[in-house]
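Reviewing the structure listed below.
The values are calculated or read from the model by the stated rules, or taken from the named source; none is laboratory data. Predicted model only: the values in this text are computed from it and were never measured. Here the Cβ positions follow ideal geometry from the backbone for every residue, glycine too, while neighbour counts run over all protein chains shown. The area values use the complete protein model at the heavy-atom level, side chains included, leaving out ligands, DNA and RNA. Shrake-Rupley method; radii C 1.70, N 1.55, O 1.52, S 1.80 Å.
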Amino acid sequence: MSSLKTGAFLILLATAVQAQGTREDYARAAALRGRTADTVTHLSLRPQWSEEGLWYRRVPMEYVFFDFETKTRAPLFDAKRLAAAIGKPLDIRDLELDGAHGYLWLKGDTRVWKWNRKSHAVRAIPAAKAERFRLPPSPANVRSRNGGGQSAIVFVNTLKTEVELLWIQQNGALRAYGKLGPGEIRDQHTFARHAWAMRRPDGTIVQRFVAVDRPRIAHIDGRIPPSGPPGRDRSTSPDGKWRVRFRDHNVELVRTAGGTVKRVTDVGRAGNAFYGAVHWAPDSKRLCVLRTKAGQRRTITMVESSPRDRVQPRVHTMGYVKPGDVIDHPRPWMITISGKATEVDDALFPQPWSLTRFRWTKEGLTFVYNERGHGLLRVIAVDKKPRVIIDEDAKTFVDYAGKFFLHHRDEARELIWMSERDGWNHLYRYDARTGKVRNQITKGAWAVRRVERVDGDRIWFWAGGVVPGEDPYHLHLCRVNLDGTGFVRLTDGDGTHTVQFSPDRKRFVDTWSRVDLPPVHVLRAAEDGKLITELERAEWSALLKTGWKPPIRFTAKGRDGKTDIYGILHRPTNLDPKRRYPVVEAIYAGPHSAHVPKSFRPFHGAQKMAELGFIVVQIDGMGTSHRSKAFHDVCWKNLGDAGFPDRIAWMRAAAKEHPPMDLTRVGIYGGSAGGQNAMRGLLMYPDFYKVGVADCGCHDNRMDKIWWNELWMSWPIGPHYKEQSNVTQAHRLQGKLMLIVGELDRNVDPASTMQVVDALVRANKDFDLVVIPGVGHGAAGTPYGQRRQADFLVRHLHGVEPRAR
């Protein structure tokens, strides 16, 4: 069917059903996050621990104490009695226990109340004298960082001078938030990890503080944070007698007593110089340094067309290494304190992507060699000459970025290593002297996801797929002896798990949930995972009353007819099961992870899109991570595949069980790798995907950052890079495509999108282009980008003009 006839068919189909994409739909979508906020009780549980038990806030003013000995729960205090003693309602900001006493910090009160847990007698401690809930000052070089939740700092100015309160932004810039006179107090809303400074009238900074995830009191008193014992200068030998100095691209040894200088190399040159870290042997008789031959220094240029502080555009440049570029080539040299310098024979590590994790052991100096192309990863020891301890040689790739673990057990002269050599990600124990595998620690048709800790002869780790019949992406905490015996799964419950340990690690709170099941919080014994008690179950009845519909989990066979593919469906809150809805895939097929949500959330971004009259699906196809090695290997030299055969098979199977899914109207959208995927879907599967929005896509893997692309597409650059480029394949475009890009994208070179534009123009193809000035990566996530993306899908899948009704 021609694209003209297809478009006409879609418009006729859309007009045959109830209108969608209306103002009401958009208003409902915009209100969804707010409507569902704070509708689930016990969504999280933050335990506080003591030797006798744990306590937590159950609801805003109700605290529960669980006694370890009696295994009983009871209110932590008599709320009415305590409120009467204090003389005001208990609007608790934070609480701590200390034996027979407790400490309350109430909202709107700068005092801390100490109370006797038996008699409920209270005493007020002024904020200026309160040590409880005190926030320690921070070092001078702090800046705000993103990622923290809402919090607060109560600033108490104990100085005799006025100070100005300054927020230290992520880029180090200071933003004024008013002044505090002597003795004044400010209750300042902030976010965890945000940094604040106080400045005197003479311009000097008095102190700095960094907010944590709980409200705290900051005493502005000019005290400098204790620095602790000074760390050893890594350029200085452990015995303190020698110091390494790099001068004129070479190495010098300087005697710390007297300053005598000994020049030990003379081969260093500009572009092939000695510099960087110094790795001293514990006996101070030898050291290792790197001589690095410089690679090319590529820069990319971006034009900020509309800066807010001037009329004329501003040019930005940044270093940006791309696949195929010549990279730095480090070579280790061994140096003795007598002045002898010897280049280490690099026959075992000839083409490094990196040399890392230098460490002196009884076997000599060890380091990790990651070969460019990422098909070989080695642990190498250098004593008299280099030798291989661990040789991880893959026919495809070694996922060093997502599946790497190395732990030295020096006394046992062994290493613990992570590998996919048997087809699944597991742990192995190596003899550090012979390089032989002593034993495989974990095994089975499941994957170790990450190591929690090594504790003596036992290892704690997170695993996926370890429970038969469960979603293999669910995380469970496990433990096993290093000889492979004594395996125990410490968490239970059909969902994905997180844990919070007691300080003595004898117990932990296990929280588990699914996208369609709110969290359950239980207390378990750390030794065997035995259930001690259920603490709370999240209550979501208020959420369900809003019309919110949980995502539907669905599993179907992939391209091979055998492998299970997992995904979810998001539905509009006003879903009519008798109607048919366009299907929109929110895609991200980045092979560094898996991307379908697994834990419970009251709001998903995809649900907002679904409110516009779509069934939105998210799927993890072959080529993504956290399953078998064969499942992951599909992406190797093959990012253009993006799991599409599995995704399409999954949607066709889902549509058979969910009749409202209309597979004659399928759209797709995504950003970054998802932007690359979204356009690729239109190019290679135009009979299935009709409409797509590609945001900040890495459309040609030769144009994007080096590490991500060479890890999956390998090196040297081969013809597969060109074949899988959306630029190369742009002439195949059918259907409706919107490209979105921020002109200041520092993650994916914006020229990647513009080269697609050029190819589409040369192929005389119709498409929409949205360039957002002053915006970086993820331009479709801005309010304007979100609207344009949603409008495009509504316009071409519903066949209506957005908000026209």
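Anything in the range 131-148 that is under 17 Å from Arg199 (Cα atoms), among the hydrophobic types (A, V, I, L, M, F, W, C) and open to solvent by less than 70 Å² (accessible area, probe 1.4 Å)? List them, or say none.
Passing the criteria: only Val142.
Can you name the residue in the range 677-687 that is farther than 19 Å from Ala556 by Cβ and either open to solvent by 10 Å² or more (accessible area, probe 1.4 Å) or basic (Lys, Arg) (or both) and, of all such residues, is farthest from the chain's Cα centre (by Cα)?
It comes out as Asp687.
Given the condition acidic (Asp, Glu) and either in contact with a strand residue (DSSP E or B) (Cβ under 6 Å, 6 or more places away or on another chain) or open to solvent by less than 70 Å² (accessible area, probe 1.4 Å) (or both), answer yes or no: does some residue in the range 192-205 qualify?
Among the residues of the range 192-205, not one is acidic (Asp, Glu) and either in contact with a strand residue (DSSP E or B) (Cβ under 6 Å, 6 or more places away or on another chain) or open to solvent by less than 70 Å² (accessible area, probe 1.4 Å) (or both), which makes the answer no.
Among the numbered criteria (1) touching a residue at least 60 places away in the same chain (Cβ under 8 Å); (2) crowded, with 20+ Cβ neighbours inside 10 Å, which single criterion is violated by Thr533?
The failed condition is (2).
Are any of the residues in the range 261-272 within 24 Å of Tyr320 (Cα to Cα), over 35 Å from the mean Cα position of the chain (by Cα) and not aliphatic (A, V, I, L, M)?
From the range 261-272, those within 24 Å of Tyr320 (Cα to Cα) are 270-272; that's our starting set.
Those left that are additionally over 35 Å from the mean Cα position of the chain (by Cα): 270-272.
Filter once more, keeping what is not aliphatic (A, V, I, L, M): 271-272.
Looking for residues that are within 24 Å of Tyr320 (Cα to Cα), over 35 Å from the mean Cα position of the chain (by Cα) and not aliphatic (A, V, I, L, M), one finds at least one in the range 261-272, hence yes.
Please find, within the range 633-645, the residue that is surrounded by the most Cβ atoms within 10 Å (Cβ to Cβ) out of those that are aliphatic (A, V, I, L, M) and under 30 Å from Glu743 (Cα atoms).
Here the answer is Ala642.
Out of the range 249-274, which residues are more than 15 Å from Ala341 (Cβ to Cβ), open to solvent by 70 Å² or more (accessible area, probe 1.4 Å) and part of a loop (DSSP other than H, G, I, E, B)?
Answer for the range 249-274, where residues must be more than 15 Å from Ala341 (Cβ to Cβ), open to solvent by 70 Å² or more (accessible area, probe 1.4 Å) and part of a loop (DSSP other than H, G, I, E, B): Thr256, Ala257, Gly258, Thr260, Ala270.
For the range 701-746, which positions are within 29 Å of the chain's Cα centre (by Cα), in a loop (DSSP other than H, G, I, E, B) and closer than 25 Å to Asp791 by Cβ?
Asn726, Glu743, Leu744, Asp745
Regarding Leu639, is this residue in a helix (DSSP H, G or I), touching a helix residue (DSSP H, G or I) at 6+ places or on another chain (Cβ under 7 Å) and not aromatic (Phe, Trp, Tyr)?
Here the answer is no, as Leu639 does not meet what is asked.
Identify, by number, the condition in (1) over 30 Å from Lys443 (Cα atoms); (2) touching a residue at least 40 places away in the same chain (Cβ under 8 Å); (3) open to solvent by 10 Å² or more (accessible area, probe 1.4 Å) that Arg665 doesn't meet.
The one condition Arg665 does not meet is (3).
Tally the residues that are under 27 Å from the mean Cα position of the chain (by Cα) and not polar (S, T, N, Q), restricting the search to the range 36-74.
Number satisfying all stated conditions: 8.
Quick test for you: out of Val206, Val210, Val244, pick the one residue that is more than 26 Å from Pro126 (Cα to Cα) and β-branched (Val, Ile, Thr).
Val244
Conditions tested, residue by residue: (1) closer than 26 Å to Gly799 by Cα; (2) open to solvent by 30 Å² or more (accessible area, probe 1.4 Å).
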| position | (1), (2) |
| --- | --- |
| Arg647 | yes, no |
| Met651 | yes, no |
| Pro660 | yes, no |
| Tyr689 | yes, no |
| Ala694 | yes, no |
| Ile706 | no, no |
| Thr728 | no, yes |
| Arg732 | yes, yes |
| Asn747 | no, yes |
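Being small (Gly, Ala, Ser), modelled with pLDDT of 95 or more, open to solvent by 30 Å² or more (accessible area, probe 1.4 Å) and more than 30 Å from Gly621 (Cα to Cα): is that true of Gly456 here?
no
Which ranges mark the strands (runs of 3 or more DSSP E) fully within the range 543-632 that have 3 or more residues being surrounded by 21 or more Cβ atoms within 10 Å (Cβ to Cβ) and charged (D, E, K, R)? Walk me through how you get there before you give the answer.
Values: elements: 552-557, 564-570, 581-586, 615-620.
Counting at least 3 such residues, we get no strands (runs of 3 or more DSSP E) at all.
Show the residue pairs that are 6+ apart or on different chains and have beta-carbon atoms under 8 Å apart, the first residue being within the range 118-134 and more than 16 Å from Ile185 (Cβ to Cβ), the second being open to solvent by 70 Å² or more (accessible area, probe 1.4 Å) and assigned to a loop (DSSP other than H, G, I, E, B).
Matching pairs, first to second residue: His120/Asp78.
Output the residues belonging to the range 768-777 that are outside any strand (DSSP E or B) and open to solvent by less than 50 Å² (accessible area, probe 1.4 Å). Don't jump to the end; show me each part of the working.
Narrowing the range 768-777 to residues outside any strand (DSSP E or B): 773-777.
Of everything in the range 768-777, those that are outside any strand (DSSP E or B) and open to solvent by less than 50 Å² (accessible area, probe 1.4 Å) turn out to be Gly774, Val775, Gly776.
Can we say Val451 is of a type in the set (A, V, I, L, M), open to solvent by 10 Å² or more (accessible area, probe 1.4 Å) and over 29 Å from Phe68 (Cβ atoms)?
Judged against the criteria, Val451 is not a match.
To keep it simple, each residue is scored yes or no on (1) part of a loop (DSSP other than H, G, I, E, B); (2) within 25 Å of Arg359 (Cβ to Cβ); (3) out of contact with any strand residue (DSSP E or B) (no Cβ under 6 Å at 6 or more places or on another chain).
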residue: Thr434; (1), (2), (3): yes, yes, yes
residue: Thr442; (1), (2), (3): yes, yes, no
residue: Val448; (1), (2), (3): no, yes, no
residue: Glu452; (1), (2), (3): no, yes, no
residue: Thr485; (1), (2), (3): yes, no, yes
residue: Gly493; (1), (2), (3): yes, no, no
residue: Phe508; (1), (2), (3): no, no, no
residue: Ser513; (1), (2), (3): no, no, no
residue: Val520; (1), (2), (3): no, no, no
